[in-house]
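Heads up: the structure comes next, in structure tokens.
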Amino acid sequence: MLAADGTPLKASLARALRRQKLRALMLIAPLLLFVVLTFIAPIVDMLWRSIENQLVPETLPRTVEALKDWNPKSGEVPGEAVFAALAADLQIAVKAKTHTRVASRLNYEQPGIASLFRQSGRKVKRLEEGNYREQFLDMHDGWGSIAVWSTIKRFSGDYTAGYFLNAVDMENTGDGAQFKSEDQQIYLFLFGRTFLLSVTITFTCLLLGYPLAWLLATLPVRTSNLLMILVLLPFWTSLLVRTSAWIVLLQQEGVINDTLVTIGILDDNNRLQMMFNQTGTIIAMTHILLPFMILPLYSVMKTIPPSYVRAAKSLGATDWTAFWRVYFPQSVPGIGAGAILVFIVAIGYYITPELVGGTDGIFISNRIAYHISSSLNWGLGAALGVILLGVVLIFYWTYDKIVGIDNVKLG
Amino acid sequence: MAGLPPYASTGQRVWYYTFRFICALLFLFLIIPILVIIPLSFNAEDFFTFTKKMLALDPEGYSLKHYRDFLTNTDWQNALYNSVRIAPMATLLSVSFGTLAAIGLSQSHVPFRGVIMAILISPMIVPLIISAAGMYFFYSRIGLQGTYWGVVLAHAALGTPFVIITVTATLVGFDKSLVRAAANLGADPVRTFFKVQMPLIVPGVISGALFAFITSFDEVVVVLFLGSASQKTLPWQMFTGLREQISPTILAVATILVTISILLLTTLEYLRRRSERLRGMTPQ
């Protein structure tokens, strides 16, 4: 069979299809390139930063090489060759002023190394040739410590799992990864709390959102559209506006406490502490995320035919049975969609916990922010971020399976 | 619950009204925090709470001084200026890239559609703190950290998923035969796009633009990391204000922002109805 221009129809159709695909790709290409450059590349950079460790081998190349022959289990401080290499490396590093960076890098792993490097850095110019080992040991006791040397040896590769181990409260002590002692464990606890608080917030959102979504789905369209404004307005209001509103309401001299004192329920001296703790985070975030629960629930409930419940009732079911056995199972997809959505958003929240969470209401995000802007341990911040990202992606994948990302509706 | 049937038992009646009462309380929970800041922003004192004079509706208890402070304080004015400079630029970028891509994505044959969609939507999925951290690392590597364009590019990336979603949603209801009819009548593809397709998807584009705008205008986490003092936006100023020197000017700003949200919401609702009317659906 031939097409109008004489080519075989099959070839002609294939060409048309190819052209169509190409046109679609050409339209998508600019944005794809844009997102890859401005967004995906930063995420990949973060992945890379969470494992890279080039600072140590780059600054102390000879020491790293010489340390290869040393076995920490021997129980002895490395020999003269290693110290000679260290002297050479440090002299170069001090000139380039890079020794302090290695010092703070290694200090994350073994506290005390920073001062060891800084103090030795000042004296390294005065080293005489030969017998380096003794000179270094005179300079600082730290050089006689096996722990210091095994830390340097452990972090001498180009890549390290150290940040990730740290991020889950583990450390590599020479004989495999182990959990740190319990008083040093903070991140697993923080992950646990983030998870627990997010689940709590998801649950309260469901508890408050279900009746509202049901009411909106069953009322006549005109009324429900009006009431919908009450849901959409908070949704559209700036996050900081809503957070400041909750600060106004919840603080000790705030509106709620004032009202309770004026009515006489509370004594002026024992006002409720509702902010700077978990209560504050849960209340504020439930309010902020409630629309994320109501909207998916509403769109599912809107599709449930009211005749099913009527049929159940006419067959003799009580109101409760009709709801629980007939209506509720049909609304489960909405619950799934809303709950996962709220959970995904909640688990990565930063601003609200930061402002109303105090110390025991903060999330893992706050810790990531702390490592990036205050402690400057970027590697650890990145590793924590990668773990959080992994968790979110798993839930997102589930969401995509249940709801499909194409079915996300806005507003 | 379309009304209570006449044969309802007492129990059902009680439950019906209790349920309505609970729902009313829940609606109050949603809306009160937003409404409560509006009167407080007219407070004559520097408090975050209602004074006796305010409760007595004494005109002396109210004043516009926090609004005056917002309009005269250079910190707030700079923040406003930066927000107004960053958000429209970011919106422009998101909308132009996003609309093109959405048209591409809604063609019938798109290779690797799933992967592409996942990449394009990812800025919406990834928690902001992670995006902020990654962008901070990467943008400081390429010298964009602390610059106007760094913030604009980051915000544009965050806004594109919303444009894609809204525009694709409009295109789903788009009748493809209209394009064929236009071609049949002799219009070339460009003319078809501007004369036939564009007018029909404009509501989607505008609501996508509003989403992108509000994403950038409200965004604080990324700008906190990526921006320097000269990119301090309104939300950033509010954030530092809430953390450090709590001043009721924040409430005045918040009230202004709530007014803006109401305007946006009204526009969106109008667009939605118009779009449905144009496509022959009855507006809901």
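A short reminder: the numbers here are calculations on the coordinates, not readings from a lab. What you see is a predicted model; the values in this text were computed from it and never measured. Methodologically, a virtual Cβ is constructed for each residue, glycine included, from the backbone with ideal geometry; neighbour enumeration extends over all protein chains shown.
Brief remarks follow.
- Dipole of region B:1-133, positive direction: furthest Cα of B:Gln12, B:Ile119, B:Leu80, with charges on the beta-carbon: B:Gln12
- Calculated FRET efficiency for the pair B:Val84/A:Leu2, C-beta based, R₀ 60 Å, to 0.05: 0.45
- Per residue Cα convex hull volume in Å³ - calculated over chain A: 294
- Farthest towards the positive end of the charge dipole of chain A, among the residues A:Gln184, A:Thr218, A:Ile282, is the Cα of A:Thr218, using unit charges on the Cβ of Lys, Arg, Asp and Glu.
- Most mobile of B:Ala229, B:Ala157, B:Ala183 in a GNM of chain B (Cα contacts under 10 Å): B:Ala183
- Placing +1 on the Cβ of every Lys and Arg and -1 on the Cβ of every Asp and Glu, with nothing else charged, gives the protein assembly as shown a dipole about its Cα centre of roughly 2880 debye.
- Set of aspartates and glutamates near A:Lys180 by C-alpha distance (under 17 Å), chain-local residues within fewer than 8 positions excluded: A:Glu109, A:Asp169, A:Glu171
- Distance from the alpha carbon centroid of region A:287-307 to that of region A:116-179 works out to 58 angstrom.
- A Cα-only calculation for region A:1-122 places Rg and Dmax at 29.1, 87 Å.
- For chain A, a Gaussian network of Cα nodes joined below 10 Å ranks A:Gly264, A:Gly121, A:Gly280 by mean-square fluctuation, and the top entry is A:Gly264.
- Selection from A:Thr359, A:Ile256, A:Ile304 lying farthest towards where the dipole of region A:248-361 points positive, charges on Cβ: A:Ile304
- The spacing between region B:141-158 and region A:337-380, judged by their C-alpha centroids, is 22 Å.
- As a length-normalised measure over Cα pairs under 8 Å and 6 or more apart, the relative contact order of region A:187-407 settles at 26 percent.
- A viscosity of 1.567 mPa s and a temperature of 4 °C, combined with the Kirkwood radius over C-alpha pairs in the Stokes-Einstein formula, give the protein assembly as shown a diffusion coefficient of 45 µm²/s.
- Measuring between their Cα centroids, region A:227-282 and region B:83-139 lie 35 Å from each other.
- Rounded, prolate or oblate (a/c below 1.5 giving rounded, otherwise prolate when a/b exceeds b/c) for region B:135-284 by Cα gyration tensor: oblate
- Mean separation of Cα contacts under 8 Å, 6 or more apart, over the residue count of chain A: relative contact order %: 17
- Using a cut-off of 18 Å between Cα atoms, the listed pairs A:Lys97/A:Lys123; A:Lys95/A:Lys123; A:Lys125/A:Lys153; A:Lys21/A:Lys401 include A:Lys125/A:Lys153; A:Lys21/A:Lys401 as exceeding that distance.
- Förster-model FRET efficiency, 56 Å R0, A:Gln91 and A:Met26, C-beta, rounded to 0.05: 0.45
- Anisotropy class of region A:187-407 from Cα gyration tensor, a/c 1.5 cut: oblate
- Region A:107-166: relative contact order as a whole-number percent, Cα under 8 Å and 6+ apart: 31
- Mean residue ellipticity, 222 nm, helices only, chain A: the sum of -39500 (n - 2.57) across DSSP H runs of n ≥ 4, divided by residue count and rounded to 500, is -21000 deg cm²/dmol.
- Summed over qualifying helices (DSSP H, 4 residues or more, each -39500 (n - 2.57)) and divided by its residue number, chain B shows a 222 nm mean residue ellipticity of -24000 deg cm²/dmol.
- Global form of region A:55-160, assessed from the alpha-carbon gyration tensor, a/c cut-off 1.5: rounded
- Under 29 Å, Cα to Cα: Lys pairs in chain B, sequence gap 8 or more or different chains: 4
- Extension gain, A:Ile263 back to A:Leu13 (0.36 nm per residue minus Cα-Cα distance, nm): 82.1 nm
- Peptide B:31-41 has a mean of 5 when you count, residue by residue, the C-beta atoms of other protein chains within 10 Å of its C-beta.
- Residues of region A:238-260 with amide N under 15 Å of a point placed 7 Å along Cα→Cβ from B:Leu35: none
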